[in-house]
Amino acid sequence: MDLGRRRKDGWRWDLSSPGVEPVRADRHAPSKLRLRLQRLSARLITTLFQCARAAQAALWLGVLQGDDLQDATDLYYNSTTIYASQEYNLLGLQAWERAAVERWFPKRGRILVTSMGGGREVYGLAKLDFDVEGCERNEKLAGSAWRWLESQGIRARIFASATSDLPQLEGPYDGVLVGWASYLHIAGREQRIAFLKQLRAAVKTGAPVILSFYTREESSWEYRWVAWVANRIRRLFLSKARVEVGDWVEISFEHYFTRAEIEAELHAAGLRMAYFSTMDYGHAVGIADL
């Protein structure tokens, strides 16, 4: 005998136990099970994808030698047209770049932009009345930037030069903006510090250097695993060059940084880290006062 009565809204009253609160019938148990299975499946697919990315990064970091990593980056920038397009470069400074410039750069002065690409940052800074000079290791992009900036009525000195080997600069500059994410393309801590030292020597005491980068968590397993595997592959080729934790390669070489890494590299180059943020995009400000 059914002593309960089910209402249309799903509540079930137990008439055999007066005073007992109604208990809602769980009609969604099958649905909850399906949702748990869906979430489990999504986590499994994500994990497999991360493992596959890590495996290919470890393989090619181990196999690519010498200038191969820089060549991979050059190949990427030579095969895309977005950075030379007018639509992209007319965007000028991104929101985080403008905020950093307004906070840390003087109101006026000479500014150097390294790895300037097609001229977006130079254009944005010139619109803020800075006297801007730019350098770019990719000759194709450097030529495109010079022609486009001239068409916009902006007179800026443009140098074609390797990222880690700046041209003879006519400093001192009042500030440096390292082109968007270009710092992460420099392979090797010592090479990055050497690059920063060149910038430190080219600016006035107290001048800011703004750089941007990808970030990683210290606890991220994939970067440690990639470095471990890649270094063992390099041993097979009798290579003495070491892959660092944070190195990665897909369509180009990239290094993912922790806050501590950025601060240490700036300090080693005579720059005090005055600001670090991962909002919008990883970026930091080093002050030339060490």
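The numbers here are math on the coordinates, done by the rules we state, and not lab data. Because the structure is predicted, anything quoted here is derived from the model rather than measured. Note that we place each Cβ from the backbone using ideal geometry, even for glycine, and neighbour counts take in every protein chain shown.
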Relative contact order (%) - the stretch 92-138, alpha-carbon pairs under 8 angstrom, separation at least six: 44
Which residue fluctuates most in the GNM of the chain (Cα springs below 10 Å): 240, 197, 127? 240
R0 = 25 Å: FRET efficiency of residue 75 with residue 160, Cβ-based, nearest 0.05? 0.90
Describe numerically, in nm with one decimal, the distance between label points set 7 Å from Cα along Cα→Cβ at residue 278 and at residue 47. 2.2
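Using the beta-carbon distance between residue 65 and residue 290 and R0 = 30 Å, what value does 1/(1 + (r/R0)^6) give for FRET efficiency, to the nearest 0.05? If you can, show how the numbers build up before the last one.
Working: r = 35 Å, r/R0 = 1.16.
Computed FRET efficiency for residue 65 and residue 290 comes out at 0.30.
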Looking only at GluC sites (Glu not before Pro) in DSSP loops with at most 13 other Cβ atoms within 10 Å, what is the longest site-free stretch of the chain? 1-169
Return the lysines within reach of residue 204: Cα separation strictly under 22 angstrom, same-chain partners fewer than 8 residues apart disregarded; answer none if there are no such residues. 107
Residues of the stretch 117-161 with amide nitrogen under 16 Å from the 7 Å Cα-to-Cβ point of residue 88? 117-124, 136-149
The stretch 153-161 - phi-based ³J(HN,Hα) in whole Hz, Karplus 6.51/-1.76/1.60, Gly and Pro as x: x, 10, 8, 9, 6, 10, 10, 9, 7
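Determine, for 210, 154, the number of other Cβ atoms within 10 Å of each Cβ, and report the residues in order from fewest to most.
The order, fewest Cβ neighbours first, is 154, 210.
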The helix 139-151 Cα axis meets the longest alpha-carbon principal axis of the chain at an angle in degrees, between 0 and 90 and rounded to 10, of 80
For the stretch 108-215, shape from the Cα gyration tensor axes a ≥ b ≥ c, cut at a/c of 1.5 then a/b versus b/c, turns out oblate
Using only helices, what value at 222 nm comes out for the chain when you add -39,500 (n - 2.57) per DSSP H run of length 4 or more and divide by the total residues, to the nearest 500 deg cm²/dmol? -13500 deg cm²/dmol
In the chain, what percentage of the DSSP-assigned beta bridges are antiparallel, given to the nearest 5? 55
Within the stretch 167-204, backbone nitrogen closer than 13 Å to the virtual label 7 Å beyond the Cα of residue 242 toward Cβ: 188-190
